[in-house]
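Novice: Take this structure, written in structure tokens, and hold onto it; I'll ask about it next.
What follows draws every value from the coordinates through simple rules; no lab data is involved. Values in this document were obtained by computation on a predicted structure and should not be read as measured data. Note that each Cβ is placed from the backbone with ideal geometry, even for glycine, and that neighbours are counted across all protein chains shown.
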Amino acid sequence: MKTRTLTDNVEIPYLGFGTYLIPDAEAAALVEDAIAAGYRHIDTAEGYGNETGVGAGLKQALQSGGLSRSDVFVTTKLWPGNAAWGQTPKTTESTLTALDDSLKRLGLDYVDLYLIHAPYERDQRLAQWRGLVELQRQGKTRAIGVSNFSIKHIEELKAAGLPVPHANQIELHPWSQKPELVSYLNDNGITPIAYSSLIPLSTWRAVEGQRSAKTDAMKAEGERPDSPFKVMAKKYGVGEAQILLRWGIQKGYPVLPKSTNPERIRSNADVFSFDIDADDMATIEKMDRGDGVAWAMGDPTKAP
Ligand SMILES: NC(=O)c1ccc[n+]([C@@H]2O[C@H](COP(=O)([O-])OP(=O)(O)OC[C@H]3O[C@@H](n4cnc5c(N)ncnc54)[C@H](OP(=O)(O)O)[C@@H]3O)[C@@H](O)[C@H]2O)c1
């Protein structure tokens, strides 16, 4: 499995299995399918409500595949709490407890990467980050990072004299390329991890209630027979999803395709058998449209 170095002695596989919107009861079987299909990196979160199922699937898959814990890279995320939604923002103390609770649900002694899910609470961001630094020191997570943080949010951590995150998990795909943020992350040794890579597909979150008005407007575009991703898929003899995932990997981003369909789980893993050529990479470079759309409640990188 191809990897990128996150920090000293920690390699993150480029191909990860995303689990957002996978119910807890279905997570075990799908995680097992993913590991059997060759995934060695699983992405979950306290906020997804499926850590118990993910952990059960992981345990089964390690047993049936004769794998060790260290063969699979596991990420989970701290739900920071958002006062605007009536939640209590986490403090340093409750951040420490939150990872203990996640580890219990996952049935693990440590995770490979622990992220702050979103930068909602200005007053609590530093407190939560101090918690993650301590958790890494305690060996409960091998690497630490953030998600949906902007340059300003990361500069805040630096200004407080705290360590720079190892990763920032953000929405990245041909329609939201975030060139300024990505070059800042690369300059600062922070690995960009891409989520929602498959947004340009007409099948992205096609289930009723999972889409927003903005993504609905894109659906028609994705269905056009002359869509550039359809044209490229034909040229390389692969599916459109593979083109979108391969684009992320060639940009240097670990990707996290989610699917509840075993056939798609398998085909999404076939991303190392072809290269997108320089002309097509240049064509995709011109498709950027700015902000992401995955969060129905507004772009969390715009948090104050
Ligand atoms: N940190 C954050 O704030 C954040 C936000 C969003 C996502 N994430 C992470 O990133 C992961 C991926 O993002 P995502 O779940 O938004 O979307 P995604 O993986 O980009 O796309 C998933 C959608 O595409 C469909 N799909 C998957 N493979 C397909 C294929 N080969 N052909 C056609 N359709 C396909 C899936 O449907 P089926 O399931 O029906 O196949 C689902 O509707 C998440 O699961 C989560 O782990 C993190």
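Novice: Over 10 Å intervals from 0, what percent of Cα-Cα pairs in the chain sits in each interval?
Specialist: In order of increasing distance, the bins hold 6, 28, 37, 23, 5, 0 percent.
Novice: Lys and Arg at +1, Asp and Glu at -1: add these up for the other residues within a Cβ distance under 11 Å of PRO179 and post the number. Walk me through the numbers on the way to the answer.
Specialist: Details: positive: LYS178, LYS251; negative: GLU180, GLU285, ASP288.
The answer is -1.
Novice: Also, quick follow-up: Which lysines have a Cα lying under 18 Å from the Cα of LYS302, excluding residues fewer than 8 positions away in the same chain?
Specialist: LYS152, LYS178, LYS214
Novice: While we're here: As an exercise, find the ratio Rg/Rh for segment 1-54 from alpha-carbon atoms, using the Kirkwood inverse-distance average for Rh.
Specialist: Values: Rg = 12.1 Å, Rh = 11.8 Å.
Taking Rh as the inverse mean 1/r over Cα pairs, Rg/Rh reads 1.02.
Novice: What lysines does LYS59 reach when the alpha-carbon gap must be under 26 Å and sequence neighbours fewer than 8 apart in one chain are set aside?
Specialist: Those lysines meeting the cut-off are LYS2, LYS77, LYS104, LYS140, LYS258.
Novice: Assuming 0.36 nm per residue, please report the length gained on full extension of the stretch THR260 to PHE274 beyond their Cα-Cα distance.
Specialist: Working: separation 14, 0.36 × 14 = 5.04 nm, distance 2.45 nm.
In short, 2.6 nm is gained.
Novice: I've got another one for you. Roughly what would the spin-label model give for ASP71 and SER202, points 7 Å off Cα along C-beta, in nm?
Specialist: 4.0
Novice: Which of THR76, THR88, THR283 has the fewest other C-beta atoms within 10 Å, and how do the rest follow up to the most? Numbers along the way, then the final one.
Specialist: Numbers: THR76 29, THR88 11, THR283 15.
Lowest to highest Cβ neighbour count: THR88, THR283, THR76.
Novice: Assuming R0 = 22 Å, can you tell me the calculated FRET efficiency for the pair GLU180 and TRP295, based on Cβ-Cβ distance, to the nearest 0.05?
Specialist: Efficiency for this residue pair is about 0.70.
Novice: Based on alpha-carbon centroids, what's the gap between segment 251-304 and segment 53-105 in Å, whole number please?
Specialist: Segment 251-304 and segment 53-105 have Cα centres spaced 24 Å from each other.
Novice: Tell me the mean residue ellipticity at 222 nm calculated for the chain from its helices only (DSSP H runs of n ≥ 4, each -39500 (n - 2.57), averaged over every residue, nearest 500). Working shown, then result.
Specialist: Numbers: 11 runs with 123 residues, N = 304.
Here the helix-only value at 222 nm equals -12500 deg cm²/dmol.
Novice: Would you mind working out the magnitude of the charge dipole of the chain relative to its Cα centre, with +1 at each Lys and Arg C-beta and -1 at each Asp and Glu C-beta, to the nearest 20 Debye?
Specialist: With only Lys, Arg, Asp and Glu charged at Cβ, the dipole is about 80 debye.
Novice: Spin-label point model (7 Å from Cα, Cβ direction): what's the LYS104 to VAL133 distance in nm?
Specialist: Result for the modelled spin labels: 2.8 nm.
Novice: Students often get this wrong: which residues of segment 255-276 have the backbone nitrogen under 13 Å from the point 7 angstrom along Cα-to-C-beta of ALA29?
Specialist: 260-263
Novice: Treating cross-link reach as a plain straight distance, find the aspartates and glutamates whose alpha-carbon is under 19 Å from the alpha-carbon of LYS158, omitting any fewer than eight places away in the same chain.
Specialist: The qualifying aspartates and glutamates are GLU121, ASP123, GLU134, GLU180, ASP187.
Novice: To continue, here is another question. What's the long-distance tail for segment 1-134, i.e. % of Cα pairs beyond 27 Å? Kindly include the intermediate steps, with their values, before the conclusion.
Specialist: On the way: 1834 of 8911 pairs.
Distances greater than 27 Å cover 21 percent of the Cα pairs.
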